[in-house]
Amino acid sequence: MTAPALGEPGTLRIARTLTSTVSEGPGRRSAVWVQGCTIRCPGCFNPQLWTSRGGVVVDTVEFSETTLREALAAGVEGVTLLGGEPFEQAAPLALLGERFRAEGLSVMTFTGYEYADLLTWSAERADIAALLDATDLLADGPFLADRLDSTRPWIGSTNQSLRPLTERYRNELAHDLPPDRVEVTIDPAGRIAVNGWADLDALDGLLDGLGTRARM
Ligand code: SF4
């Protein structure tokens, strides 16, 4: 795999946000789905997030401050960065993560890249090093549809790893982890959105009547 392209530090291309969810990492968290992923795992649950032409482009600083303010008001313990591919927008997401960490909140980052590769690239790529530095818990590795993982929460296949990069979640990962959860959100305009992770049969049954999917 080759290193992700350099992101534009001043802007972020965002697909979706949630201020509060219990399905995208430890505890109750905000979640930011970025738009764009060149890894393109067969069987990816979010192929609509592959293109870098979709979503909305936001100013990194303004978006970070707004997302942080809403997260603090909601009383969540951190933010989860997923997509799409966060490391293809590593510079702006590192800024966002640093703002959350400065307020005592945690950062979980999903990536389809392998941690060993990210570490190698980080020696010459300040943006990758900065996002790794801003991350407490990393879920890494591509999704492999023929290696589904039904035992660990949040991640999809057995090749993927949950790595504590700081002490924040090290103990939690060594003990009982919560089950996978699916959340259905209906906004004031009646739009339905789904996030989280579940057994594929259960998810298909749920999504049959909703016509949407979401997850990395
Ligand atoms: S599973 Fe994640 S890394 Fe793989 S194609 Fe989908 S968004 Fe990209």
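Of note:
- Nitroxide proxy distance, nm - points 7 Å out along Cα→Cβ at T166 and R40: 3.6 nm
- Applied to the range 114-130, the Karplus parametrisation 6.51 cos²θ - 1.76 cosθ + 1.60 on θ = phi - 60° returns per-residue 3J(HN,Hα) values of 7, 4, 4, 5, 4, 4, 4, 5, 5, 4, 10, 10, 4, 5, 5, 4, 5 Hz, with x for Gly and Pro.
- Accessible surface for I39 stands near 30 Å², nearest 10, in the context of the full protein assembly shown (1.4 Å probe).
- Within the range 11-179, DSSP assigns beta bridges of which about 55% are antiparallel (rounded to the nearest 5).
- Cα-based shape type of the range 8-89, given that a ≥ b ≥ c are square roots of the gyration tensor eigenvalues and the cut on a/c is 1.5: oblate
- Amide H to amide H, with H built 1.01 Å from N, V182 comes under 5 Å of W197, counting only residues 5 or more places away or on other chains.
- Whole-Å distance, taken between Cα centres, linking the range 26-50 and the range 52-104: 14 Å
- Near-label residues of the range 43-72 by backbone N, under 14 Å of a point 7 Å along Cα→Cβ of M1: 44
- Between the listed residues V107, H175, A123, the Cα displaced farthest toward the positive end of the dipole of the range 52-194, a dipole computed from Cβ unit charges relative to the Cα centre, is found at H175.
- For the chain, the square roots a ≥ b ≥ c of the C-alpha gyration tensor eigenvalues yield an a/c under 1.5, which makes the shape rounded.
- Helical runs assigned H by DSSP (4 residues or longer) give the chain a calculated mean residue ellipticity at 222 nm of -8000 deg cm²/dmol, each run adding -39500 (n - 2.57) before division by the residue total.
- Percent accessible area from carbon and sulfur atoms, the range 13-141, protein chains only, probe 1.4 Å: 52 percent
- A Förster radius of 22 Å, combined with the Cβ-Cβ distance separating T51 from T11, puts the computed FRET efficiency at roughly 0.85.
The values are calculated or read from the model by the stated rules, or taken from the named source; none is laboratory data. Since this is a predicted model, take the numbers as computed values, not measurements. Using ideal geometry, Cβ is built from the backbone for each residue, glycine included, and neighbour counts are taken over all protein chains shown. Quick note on the areas: whole protein, heavy atoms, side chains included, nothing else; ligands and nucleic acids left out. Shrake-Rupley method; radii C 1.70, N 1.55, O 1.52, S 1.80 Å.
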